[in-house]
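Presented below is the structure to which this report refers.
The values are calculated or read from the model by the stated rules, or taken from the named source; none is laboratory data. Bear in mind the structure is a predicted one, so any value in this text is a computation, not a measurement. In this analysis, Cβ positions are derived from the backbone assuming ideal geometry, glycine residues included, and neighbour counts consider all displayed protein chains. Quick note on the areas: whole protein, heavy atoms, side chains included, nothing else; ligands and nucleic acids left out. Shrake-Rupley method; radii C 1.70, N 1.55, O 1.52, S 1.80 Å.
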Amino acid sequence: FPFVMGLLGPDGKDLVHDVLHVREQRQSFAFSNIPHRPVLSPLRNFSAPVKLNIDQSEEDLRFLMMHDSDGFNRYEAVQRMVKQELHELTAMRQRGEVLNVKPSVVDAFGSVLQYAEHDPALVARMLQLPTIEELVQDMDSYDIDGAHEAREFLMRELAYAYEEQLIDLYRRYHHTGAYKRDAASIAARSLKNVCLGYLLKLDGRYTDLAELQLKNATNMTDEYAALFH
């Protein structure tokens, strides 16, 4: 089957953007005239369901999430980084250790927030952590409680680290006028409600904000977010 693959240079620009045709069970591809160590951006524009096993460092994943020209691959890089961290947090809990989020993951989250003004819809997706169901699928023995606690802990730590930015984004994208279904309005609702979800992890400090949103909501999306985050 054919698939599009990219190789990114240190400046985030494509060194290679090519279609590869896989015809054998095992197949190699060689690229020449690559002046720098590239970062692989696989399966671009790929819409079919597929699971790809690929060993990429946290540094490479962070680079992809900030520079990849393919929006889905940016999202996927965040999901893979966060999944790794959540699995490590779950393992810490199983060993009885104090949970601790790597500073590099916290920093990466801040980088995502900074991109919000360029593409709020994409950032809203990037900020949504993997579900419990997604996390336990990769476990040899399902630990639903552990995955839930790890996910809640990570959201809370990120919310504490970026409380100011989250409330600023919420206020910037929260609109109380007539309901609109255009792309910009949908993206704004999605981003502000994701931010609200993080803020509600902060010891009840933003419960009033959720109650106010519920009271003034002009659509079910805002009502649902205020009730069930």
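Here VAL22 fulfils each of the conditions (1) over 30 Å from GLU149 (Cα atoms); (2) modelled with pLDDT of 90 or more apart from (2). Within the range 195-202, not a single residue is touching a helix residue (DSSP H, G or I) at 6+ places or on another chain (Cβ under 7 Å) and either open to solvent by 70 Å² or more (accessible area, probe 1.4 Å) or farther than 27 Å from SER104 by Cα (or both).
Is it fair to say MET65 is modelled with pLDDT under 90, part of a helix (DSSP H, G or I) and surrounded by 14 or more Cβ atoms within 10 Å (Cβ to Cβ)?
When the stated conditions are applied, MET65 passes them.
Within the range 38-60, residues that are at pLDDT below 85 reach partners that are open to solvent by 30 Å² or more (accessible area, probe 1.4 Å) and not small (Gly, Ala, Ser) with beta carbons closer than 7 Å, at six or more positions or on different chains, in the pairs LEU43/PHE3; LEU43/VAL50; LEU43/LEU52; PHE46/PHE3.
In the range 150-158, is there at least one residue being basic (Lys, Arg) and under 21 Å from the mean Cα position of the chain (by Cα)? Walk me through how you get there before you give the answer.
If we filter the range 150-158 for residues that are basic (Lys, Arg), which is where we start, we get 151, 156.
Adding the requirement that they be under 21 Å from the mean Cα position of the chain (by Cα) leaves 151, 156.
Yes: the range 150-158 contains one or more residues that are basic (Lys, Arg) and under 21 Å from the mean Cα position of the chain (by Cα).
Note on the range 116-170: residues that are more than 20 Å from VAL105 (Cβ to Cβ), touching a helix residue (DSSP H, G or I) at 6+ places or on another chain (Cβ under 8 Å) and small (Gly, Ala, Ser) total 1. Scanning the range 35-53 for residues that are farther than 12 Å from SER69 by Cβ and open to solvent by 50 Å² or more (accessible area, probe 1.4 Å) yields PRO35, HIS36, ARG37, LEU40, PHE46, SER47, ALA48, PRO49, VAL50, LYS51, LEU52, ASN53.
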